[in-house]
Amino acid sequence: YVAAVYEHESILSPNPTALVDRRSALELMGRNIDIYEQQVVAAARQGAQIIVFPEDGIHGFNFTRSSIYPYLDFVLHSQSGKWNPCREPYLFNDTEVIQRLSCMALKNKIFLVANLGTKQSCEHTDPHCPPDGRYQFNTNVAFDDDGMLVATYRKHNLYFEYAFDTPPEPDYTLFDTPFAGKFGMFTCFDILFFEPAVNLIRQYNLKQIVYPTAWMNQLPLLSAVEFQQAFATAFNVNILAANIHHPTLGMTGSGIYTPVKSFIYHNMESYGGKLIVAEIPVITTDRATNLEKTPGRVSEKGNAQLPPTFYAEMMYDNFTFVPVWGEKGELQVCANTLCCYLNYQRAALTDELYALGVFDGLHTVHGTYYVQACALVKCGGFSFSTCGQEVTDATALIDFQLWGNMSTPYIFPLLLTSGITLDFADHMGWKNNYYFISKNRTSSGLLTAALYGRWYEKD
C-alpha cells in the first residue's frame with residue numbers, strides 16, 4: 001500500500017501561556033490546518049491511501065491547563081456512535097478542527113490520522129474528574145476515506161504535559177482499512193512503555209502502526225528515526241511515524257518503516273515541512289528471525305592486556321565502558337546482571353575513539369523506566385570522558401557481533417550511521433540466553449550499534 005507521513009513545522013503561538021478566546025485559537029490552528037490541507041492533496045496525488053500528521057502539529061505546545069482550553073475540540077470517545085463530522089457538523093459544538101480534518105479525508109478519498117487537544121466534561125462523582133470539571137486529552141483521531149471518524153486515542157504516557165490529563169484507563173485503539181487490514185495507534189512517549197503500545201500490538205497481533213510524535217532527539221540511543229526503526233524491527237511491524245519539525249528544539253525525524261527497509265527524513269539544518277510518500281508491503285505473517293550466524297563465545301584467555309573499564313554518563317545514565325582499541329578484538333563489560341560482549345574488526349584504523357558500554361538499571365531523568373543496554377558508540381573526542389556524548393558524524397567502518405545476556409524479551413536493535421542515517425543488521429535474534437546483532441561493513445561510519453532492552457516489569 002502507499003502511505004504518507006508529513007513532518008510539520010507548526011506555526012506556534014508567540015505566547016502559549018496567554019489566555020485567548022476560541023476565535024483567536026481557531027485562527028492560529030487554521031493556519032496549520034491550511035498547510036495540512038495542501039499536504040493531503042499532494043499525498044493523494046501521489047497515490048497515498050493513508051496520511052499521518054504529527055503530535056501537537058495543529059495547536060503547538062507549552063500551554064498551561066487553562067491557556068490550552070480555547071484550542072480544544074469536543075470529541076466523542078466512545079466507539080459506540082458513528083459520526084461523520086464533515087457530513088454532520090451540527091451534531092456537537094466546538095468541533096471545527098475535527099470537521100476540517102474529516103472533510104480533507106472525504107474530499108481526497110484518503111485515510112487521515114492527526115493529533116489535537118480534546119475536552120470532555122465530567123461529573124464530580126467521577127473519582128478521576130479534575131477539579132475544573134473537565135478532562136483535557138492529547139488525542140489522535142483517525143478518519144476513513146469517507147470522512148467518518150473511525151478511531152480516537154488519548155495519549156497515556158504524558159511527557160511533562162501539564163495541560164493534559166492521563167485517561168483513567170489506557171485506550172487500546174485500532175481501525176480497519178481495506179488496503180492493509182488493522183492499524184494500531186499511539187503517541188510519542190508511549191513507544192517506550194508496555195501500556196498501551198506493546199500490549200496493543202500483542203493482544204491484537206497488529207502489523208501496522210500509525211504514530212504521531214513530537215520527539216526531541218537524544219543521541220546516541222534515542223534519536224527519533226533510530227528508535228522508530230528499532231521498534232519496527234523488534235515487533236515486526238510497519239510504522240508510519242510523523243514528527244514535528246523544530247530543529248532549534250532538537251525535533252526532527254519522521255519515516256515510513258518496515259522491519260527491513262525505511263524511508264526517513266532527519267534534518268537539523270533547514271526549516272519547513274517534509275512530505276514522505278512510500279509504497280510498502282503489508283506484513284501478514286511473522287518472519288523467522290535470522291539465526292544463521294551464531295555469535296562465537298568470548299575466549300577465556302587470561303589476557304594481561306585487558307583494556308581498562310571506566311565510567312561515563314550517557315543519556316543521564318552512568319554507563320560502565322571499555323575502550324575499543326586496535327584493529328580487531330574481543331571485549332566484554334558487565335554491570336549488575338548484564339554482560340555485554342563484542343567481537344569487532346575495523347576496515348582501517350581511524351583516529352576515532354569507540355567504546356563498549358553497559359547499563360542495567362532504572363533510568364530516572366525525563367521519565368522513569370528500567371533499561372538494559374549494551375552499546376557500541378563513537379565517543380565525542382579522544383578522552384574517555386567524551387564517551388556517551390552526542391555525535392553525528394563518523395568515518396570508521398566496523399564489522400561487529402554484539403551480544404548480551406539480556407533479562408527481558410523486549411530488545412530494540414539500534415544501528416545508526418554517520419549523518420543520522422540508518423543501517424540494517426545482517427543477523428539478529430536469540431541464541432541460548434543471549435540476544436545478538438551482527439553486521440559486516442556498515443554503509444557509512446558507525447555512530448551507534450546497540451541492544452536497547454526495556455525491562456517493563458521493573459519500571
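The values are calculated or read from the model by the stated rules, or taken from the named source; none is laboratory data. Since this is a predicted model, take the numbers as computed values, not measurements. Cβ atoms come from the backbone with ideal geometry, glycine included; neighbour counts cover every protein chain shown. SASA here: full protein model, heavy atoms, side chains in, ligands and nucleic acids out. Shrake-Rupley method; radii C 1.70, N 1.55, O 1.52, S 1.80 Å.
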Practice item. Scan segment 444-459 residue by residue and report those that are within 20 Å of residue 426 (Cβ to Cβ) and hydrophobic (A, V, I, L, M, F, W, C). Key: 446, 447, 449, 450, 451
Practice item. Scan segment 116-135 and report the pairs whose first residue is on the phi < 0 side of the Ramachandran plot and whose second residue is aliphatic (A, V, I, L, M), with Cβ atoms within less than 6 Å and a gap of 6+ or a chain change. Key: 116/58; 116/97; 117/68; 117/72; 118/72; 118/75; 119/72
Exercise for review: Working carefully through the options 123, 96, find the one that is more than 30 Å from residue 1 (Cα to Cα), open to solvent by 10 Å² or more (accessible area, probe 1.4 Å), among the acidic types (Asp, Glu) and touching a Leu at 6+ places or on another chain (Cβ under 6 Å).
Suggested key: 96
Check your understanding: Does at least one position in segment 329-351 carry a residue that is under 20 Å from the mean Cα position of the chain (by Cα) and open to solvent by 30 Å² or more (accessible area, probe 1.4 Å)?
Key -> no
Review point. How many residues does segment 423-456 hold that are without any contact (Cβ under 8 Å) to a residue 12 or more places away in the chain and under 21 Å from residue 192 (Cα atoms)?
Key: 0
Study note, to complete from the structure: Of all strands (runs of 3 or more DSSP E) fully inside segment 160-212, the set with 2 or more residues that are of a type in the set (Val, Ile, Thr) and assigned by the TED database to the domain that holds residue 7 is 208-212
Review point. Is segment 383-392 home to any residue that is open to solvent by less than 50 Å² (accessible area, probe 1.4 Å), assigned by the TED database to the domain that holds residue 320 and more than 19 Å from residue 334 (Cα to Cα)?
Key: yes
Review point. Is there a residue being open to solvent by 10 Å² or more (accessible area, probe 1.4 Å) and without any contact (Cβ under 8 Å) to a residue 12 or more places away in the chain anywhere in segment 229-251?
Key: yes
**Study point:** Residues (over 19 Å from residue 111 (Cβ atoms) and surrounded by fewer than 13 Cβ atoms within 10 Å (Cβ to Cβ)) located in segment 15-69
**Key:** 15, 17, 18, 19, 21, 23, 27, 31, 34, 66
Revision key, fill the gap. Checked segment 133-159 for anything under 19 Å from residue 3 (Cα atoms), open to solvent by 30 Å² or more (accessible area, probe 1.4 Å) and not in a loop (DSSP other than H, G, I, E, B); matches are 150
**Study point:** Output for segment 166-188, where each listed residue is of a type in the set (D, E, K, R) and open to solvent by 30 Å² or more (accessible area, probe 1.4 Å)
**Key:** 169, 176, 182
Review point. Exactly one of (1) out of contact with any strand residue (DSSP E or B) (no Cβ under 9 Å at 6 or more places or on another chain); (2) more than 19 Å from residue 138 (Cα to Cα); (3) in a loop (DSSP other than H, G, I, E, B) is unmet by residue 67. Its number?
Key: (2)
**Study point:** Tally, over segment 92-129, of residues that are within 27 Å of the chain's Cα centre (by Cα) and of a type in the set (Ser, Thr, Tyr)
**Key:** 2
Point to revise | Total residues in segment 12-50, condition within 24 Å of the chain's Cα centre (by Cα) and hydroxyl-bearing (Ser, Thr, Tyr) | key: 1
Practice item. Being in contact (Cβ under 8 Å) with a residue 60 or more places away in the chain, surrounded by fewer than 17 Cβ atoms within 10 Å (Cβ to Cβ) and not small (Gly, Ala, Ser) is the filter here, so list the residues in segment 354-368 that pass it. Key: 362, 366, 368
Review point. Considering only residues of segment 242-269 that are among the small types (Gly, Ala, Ser) and in contact with a Pro (Cβ under 8 Å, 6 or more places away or on another chain), which is nearest to residue 375 (Cα to Cα)?
Key: 254
